[in-house]
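See structure below.
FYI, it's all coordinate maths here, none of it is from the lab. Since the model is a prediction, treat every value here as computed from it, not as a measurement.
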Amino acid sequence: QVQLVESGGGLVQAGGSLRLSCAASGRTFSSYAVGWFRQAPGKEREFVAAINRSGGNTYYADSVKGRFTISRDDAKNTVYLQMNSLKPEDTAVYYCNADLSVRAVVDGNPTNFGSWGQGTQVTVSS
């Protein structure tokens, strides 16, 4: 019943930008910290960015700090990831998920919102 749908990925040249969207159905994000994660081939899923339930605090992996911005629109039950100055090493499948604990999200282990979605592919060419 709870579904997460990521969208907005695509192919972009290094230095370009993309805006990813994460929409949830079956459950509201309002009580949850929400995060973005990514997984490249042969690598484990890693934390990218998180936003707390009120939207007043954001957290970023060192690798994306200063380039990515996470935001949320509770009216649309949607979380966004604005990705600027993209690098080839940003190439991965991007996923979103949530947890009542922002610590769990930042640690890369959201567990109590729902299953992982299919993700959206981001490919950055050089």
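The table that follows gives values for the structure above.
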| quantity | calculated |
| --- | --- |
| For region 37-119: rounded, prolate or oblate by the Cα gyration tensor [a/c cutoff 1.5] | oblate |
| Per-q log10 I(q)/I(0), region 1-86, q = 0.15, 0.16, 0.18, 0.20 Å⁻¹ (Debye; single scatterer per alpha-carbon; no solvent) | -0.56, -0.64, -0.81, -0.98 |
| Relative contact order computed over the chain (Cα-Cα under 8 Å; 6+ residues apart), in percent | 36 percent |
